[in-house]
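Here the structure comes first, spelled out in structure tokens, and everything after it is commentary.
The values are calculated or read from the model by the stated rules, or taken from the named source; none is laboratory data. All of these numbers come straight from a predicted model, not from anything done at the bench. Note: ideal-geometry Cβ built from the backbone for every residue, glycine included; neighbour counts use all protein chains shown.
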Amino acid sequence: MNLLIPSFVSAIINSLAVFFEIRWLEYIFKPLTLILLILWFYIKLPQEKPVLAWLILAGLVFSLLGDIFLVLPGNWFLAGLIAFLIAHIAYVFGFNVGGVQVQLQSLLIALIILAVATPLYVQMRNGLRASGSDGLLLPVTIYVIIISIMVWSAGGSFFREDWQRQAALLITIGAGFFFLSDAILAWNRFVESIPHGSLFVIVTYHIAQYLITFGVLVRLELLPHGMFG
């Protein structure tokens, strides 16, 4: 059974639930979206799974845990942040499974990421201090560093021989959407409210996870005839 289509449907329902603020639907369809994606990804993998596959699976599972923590009533933000932090670490190792390669092009990517992430981080830090949430400053700082490394690792795949161009493009765009999703979430939470901010967060987040998953399957040559087979 192709579980990708049900995952897409679940993601759409989840987005509608966020837009119309139907909380009980979010409790169901936010985790269900990723559960179905994880199962679809796992089924696509060969019996002997490469290290890259296990690392991406780990990233998806910890993302699922983060989804559950963030949708729960009460203040589970720190638990969700730690879960997603571990997910990003798994993605970093996955994207660099052949070893870290630092080239001139990847250094330029690092400078671009630094130029984008630094002002965002400064605004978040100021917002945390203004709201009296100094206790979150260290974990948020670590998170910003790790997700930036994740985006850098994805972008660097363009200049690595072990990543096909299409696979590199998919994971790079996916990583960019992940960064965008978290930036909107952090801004919405710590700086100022963004109209329909929660909707933008969930839509960009789901796009990110789908693209990263597709890119890895292309890298493993498991989607030779299209993504939906």
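Overview of results
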item: Residue within segment 36-45 that is in contact with a Gly (Cβ under 8 Å, 6 or more places away or on another chain), aliphatic (A, V, I, L, M) and under 22 Å from ALA175 (Cβ atoms) present; result: no
item: Residue satisfying condition, being surrounded by 20 or more Cβ atoms within 10 Å (Cβ to Cβ) and either farther than 23 Å from TRP163 by Cβ or out of contact with any Asp or Glu (no Cβ under 8 Å at 6 or more places or on another chain) (or both), within set GLY74, GLY99, GLY66; result: GLY66
item: Every residue from segment 199-222 that is under 18 Å from GLY155 (Cα atoms) and hydrophobic (A, V, I, L, M, F, W, C); result: ILE207, ALA208, LEU211, ILE212, PHE214, VAL216, LEU217, VAL218, LEU220
item: Which listed residue, of THR213, THR204, is touching a residue at least 24 places away in the same chain (Cβ under 8 Å), assigned to a helix (DSSP H, G or I), closer than 28 Å to ASN75 by Cβ and polar (S, T, N, Q); result: THR204
item: Qualifying residue in segment 9-21 (condition: more than 16 Å from TYR205 (Cα to Cα), in contact with a Leu (Cβ under 7 Å, 6 or more places away or on another chain), at pLDDT 95 or above and not β-branched (Val, Ile, Thr)); result: no
item: Qualifying residue in segment 193-202 (condition: closer than 20 Å to LEU108 by Cβ and among the β-branched types (Val, Ile, Thr)); result: no
item: Breaking point among (1) more than 19 Å from LEU81 (Cβ to Cβ); (2) surrounded by 15 or more Cβ atoms within 10 Å (Cβ to Cβ); (3) not aromatic (Phe, Trp, Tyr), for GLU161; result: (2)
item: Among the candidates ALA175, ALA168, ALA183, ALA115, residue that is surrounded by fewer than 17 Cβ atoms within 10 Å (Cβ to Cβ) and in a helix (DSSP H, G or I); result: ALA115
item: Residue match in segment 12-23 (condition: charged (D, E, K, R), surrounded by fewer than 20 Cβ atoms within 10 Å (Cβ to Cβ) and not in a helix (DSSP H, G or I)); result: yes
item: Long-range neighbours under 9 Å by Cβ, at least six apart or interchain, first residue touching a residue at least 12 places away in the same chain (Cβ under 8 Å) within segment 93-109, second loosely packed, with under 12 Cβ neighbours inside 10 Å and among the charged types (D, E, K, R); result: GLY98/GLU161
item: Considering residues of segment 8-51 that are among the polar types (S, T, N, Q) and free of Cβ contacts under 8 Å to residues at least 60 places away in the same chain only, the residue farthest from GLY215 (Cα to Cα); result: SER10
item: Residue within segment 152-174 that is touching a residue at least 60 places away in the same chain (Cβ under 8 Å) and closer than 21 Å to SER7 by Cβ present; result: yes
item: Residue list for segment 95-105, restricted to those being under 20 Å from the mean Cα position of the chain (by Cα) and not in a loop (DSSP other than H, G, I, E, B); result: PHE95
item: Hey, ALA83 surrounded by fewer than 18 Cβ atoms within 10 Å (Cβ to Cβ) and part of a helix (DSSP H, G or I) or not; result: no
item: Conditions (1) touching a Lys or Arg at 6+ places or on another chain (Cβ under 9 Å); (2) over 17 Å from ILE56 (Cα atoms); number of the one not met by GLY132; result: (1)
